[in-house]
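One structure below.
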Amino acid sequence: MEKATRQHTKEHNRALVLRTIVTNNSISRAEIARITRLTRTTVSDIVSDLMAEGLVNEVGLGTSLGGKNPILLSLVEDARFLIGLDLAQREFLGAVFNLRGKIRFMTRQPVNNRSGKEALDAIYEILDCLVKTSYQPIMGIGIGTPGLVNTSEGVVVTAVNLDWQNLPLANLLEERYHLPVYVLNDSQAAAMGEYNYGEGHQSEDNMIVINARQGIGAGLIIGHQLFQGDGGFSGEIGHIVVVPQGGQRCRCGKFGCLETVASTRALLQQATELAVHNKGVFPEGEEIDFAAILRVFEQGEPRVQKMVLDTARHMGFAISSLIGTLNIHKIVLTGDITRFGKPWLDVVQDTVSQNTLSMLAGNTRVEFGQMGENSVILGASAMLADNSPLFFDAR
Ligand SMILES: [Zn+2]
């Protein structure tokens with residue numbers, strides 16, 4: 001066997017054993033050998049290496065199936081750390097996670113409409129802080145950013161809000177911090193966060209996560225993997241035209257995109273117009289922001305209720321198209337728009353059932369995400385871990 005191949009087999013087996021320990025809370029060497037089909041000697045050698053590196057430890061004795069009680073092994077979840085960054089919020093959100101996705105440190109950096117080079121400086125400020133915490137060693141940095149991203153090159157092709165074009169973000173950060181950097185679209189990251197850490201999601205082969213905040217995007221999980229499409233830009237559902245005639249101009253330049261009728265940005269614009277023509281809908285003299293819309297909605301103001309629930313109808317139609325195309329059963333909704341709660345979700349669900357072929361709609365479940373604002377940072381760091389040599393070779 002050539003040296004290179006031997007080395008590759010060794011790395012593959014090592015990643016396979018580690019992954020098996022990660023997916024089981026505690027497991028014996030014999031059980032690992034059974035699952036991975038490696039010999040007991042190979043497993044024992046790899047486990048010794050992993051223990052020497054502090055990644056795995058012995059946590060007690062399991063029940064015996066005859067003979068001695070087996071020693072159980074477990075992942076040392078704080079043996080390595082990952083940084084996750086979410087650039088799609090009004091303020092940049094960053095966190096340090098352990099190997100089980102538990103947040104150990106979190107911080108925010110106000111963006112205050114900074115864009116271009118200034119927005120990049122805001123990233124440096126937040127990362128300068130995150131790489132210096134006591135949670136060491138750090139394996140790398142995973143970033144969820146708005147806009148179109150070339151993930152394999154780590155380049156933000158275009159992000160309108162941040163005024164970035166062809167920004168080699170991964171290269172810039174790798175040079176500055178000497179850590180591996182993984183960059184992906186924020187909605188794709190949110191999907192990975194929900195899928196990896198949401199309860200009951202991992203048993204699904206396929207799942208769609210729709211992330212609706214200032215913009216709208218989707219992440220498609222197909223066959224347990226993130227599906228990025230031929231160009232890497234899958235899930236840009238926010239720019240599917242849903243009002244073909246007389247629609248509002250979208251920030252992408254087209255008219256009547258889903259974002260112009262179902263995003264929080266659209267809602268804010270509609271609320272401002274509503275307030276101009278209807279005095280008293282919103283309290284006089286107060287700023288109309290998302291929180292104000294939510295408050296008036298919950299008070300049951302009929303015009304605001306209609307305005308908000310119309311976004312749910314548009315979302316429902318968009319979901320019907322996705323279900324009709326992909327026949328995926330689980331649809332998860334995340335982002336600020338989900339803060340309108342059950343009344344909003346009910347309208348989405350009704351619209352979906354009324355507009356989808358009943359054979360397809362019957363098995364479909366539309367539900368809210370579980371990770372809240374952390375879905376993007378969790379997903380970005382999960383993708384980084386998945387692509388790190390520690391785990392990658394097991395695939
Ligand atoms: Zn658009």
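Quick look at the numbers
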| quantity | calculated |
| --- | --- |
| Selection status of Leu82, outside any loop (DSSP other than H, G, I, E, B), hydrophobic (A, V, I, L, M, F, W, C), surrounded by 16 or more Cβ atoms within 10 Å (Cβ to Cβ) and touching a helix residue (DSSP H, G or I) at 6+ places or on another chain (Cβ under 6 Å) | yes |
| Among the candidates Val243, Val261, residue that is in a helix (DSSP H, G or I), over 13 Å from the mean Cα position of the chain (by Cα), within 16 Å of the ligand (Cβ to nearest atom) and not assigned by TED's automatic domain parsing to the domain that holds Leu87 | Val261 |
| Residues of the range 268-280 that turn out to be away from the ligand (no atom under 16 Å from the Cβ), in contact with a helix residue (DSSP H, G or I) (Cβ under 9 Å, 6 or more places away or on another chain) and part of a helix (DSSP H, G or I), as a count | 4 |
| Candidates Gln299, Gln248, filtered to the one that is surrounded by fewer than 21 Cβ atoms within 10 Å (Cβ to Cβ) and either closer than 13 Å to Ile216 by Cβ or within 15 Å of the ligand (Cβ to nearest atom) (or both) | Gln248 |
| Only one of Asp386, Asp346, Asp393 that is acidic (Asp, Glu) and either at pLDDT 95 or above or touching a Phe, Trp or Tyr at 6+ places or on another chain (Cβ under 6 Å) (or both) | Asp346 |
| Residue within the range 281-295 that is within 15 Å of the ligand (Cβ to nearest atom), aromatic (Phe, Trp, Tyr), under 21 Å from Pro146 (Cα atoms) and out of contact with any Phe, Trp or Tyr (no Cβ under 6 Å at 6 or more places or on another chain) present | no |
| Only listed residue being surrounded by 15 or more Cβ atoms within 10 Å (Cβ to Cβ), under 25 Å from Val76 (Cβ atoms) and touching a strand residue (DSSP E or B) at 6+ places or on another chain (Cβ under 6 Å), chosen from Met106, Met139 | Met139 |
| Cβ-Cβ under 8 Å pairs, at least 6 apart or on other chains, the range 236-257 side closer than 21 Å to Pro146 by Cβ, far side in a loop (DSSP other than H, G, I, E, B) and near the ligand (Cβ under 6 Å from one of its atoms) | His239/Cys250; His239/Cys252; His239/Lys254; Val241/Lys254; Gly256/Cys250; Cys257/Cys250 |
| Criterion (within 16 Å of the ligand (Cβ to nearest atom), closer than 28 Å to Glu153 by Cβ, of a type outside the set (Val, Ile, Thr) and modelled with pLDDT of 95 or more) met by exactly one of Ala218, Ala189 | Ala218 |
| Residues of the range 266-303 satisfying the condition of being within 20 Å of Trp344 (Cα to Cα) and of a type in the set (Gly, Ala, Ser) | Ala266, Ala271, Ala291, Ala292, Gly300 |
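The values are calculated or read from the model by the stated rules, or taken from the named source; none is laboratory data. What you are looking at is a predicted structure, and each value in this text was computed from that prediction instead of being measured. In this analysis, Cβ positions are derived from the backbone assuming ideal geometry, glycine residues included, and neighbour counts consider all displayed protein chains.
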